[in-house]
Amino acid sequence: VETRERAVIRTSHAEFGAWFAATNELPESLVTSIRHHHRPEEAGEHVQLAALVSAADHMANHIQRGEPPEAYN
């Protein structure tokens, strides 16, 4: 996904989301968690919040694909 995003918009949704959050003066914990939600282990002290954002992203992708909720693993 990131490769395609970078080819089209020259950034990833994680980087864009982190920029947007920072521009709107959201807390650094959120900025960092958004930036690292595909690699929560890189979020330093915000690893738990990044892991939560990662799980939410995974669930949202499942729903967007039109898969039934009971099939979510």
Taking only protein heavy atoms and a 1.4 Å probe, what accessible area per residue, in Å², does the chain have with all protein chains in place? 74 Å²
Can you pull the accessible area of HIS37 for me, 1.4 Å probe, Å² to the nearest 10? 10 Å²
For LEU26, tell me the accessible area in Å² from a 1.4 Å probe, rounded to the nearest 10. 80 Å²
What whole-number volume per residue, in cubic angstrom, does the convex hull of the C-alpha atoms of region 12-73 give? 85 Å³
Test of understanding: given the chain, find the longest segment containing no trypsin sites (Lys or Arg not before Pro) that are in a DSSP loop and have at most 14 other Cβ atoms within 10 Å. 11-64
Ordered by residue, what ³J(HN,Hα) values in Hz, to whole numbers, does region 24-38 give under the Karplus form 6.51 cos²θ - 1.76 cosθ + 1.60, where θ = phi - 60° and Gly and Pro are x? 9, 6, 6, x, 4, 4, 6, 4, 5, 5, 5, 4, 10, 5, 8
Ordered by residue, what ³J(HN,Hα) values in Hz, to whole numbers, does region 50-56 give under the Karplus form 6.51 cos²θ - 1.76 cosθ + 1.60, where θ = phi - 60° and Gly and Pro are x? 4, 5, 5, 4, 4, 5, 5
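The values are calculated or read from the model by the stated rules, or taken from the named source; none is laboratory data. Keep in mind it's a predicted model, so treat the numbers as computed, not measured. For neighbour counting, all protein chains shown are included, and Cβ atoms are generated from backbone atoms with ideal geometry for every residue, glycine included. Each accessible area value is taken on the protein alone, full model and side chains, heavy atoms only, with ligands, DNA and RNA left out. Shrake-Rupley method; radii C 1.70, N 1.55, O 1.52, S 1.80 Å.
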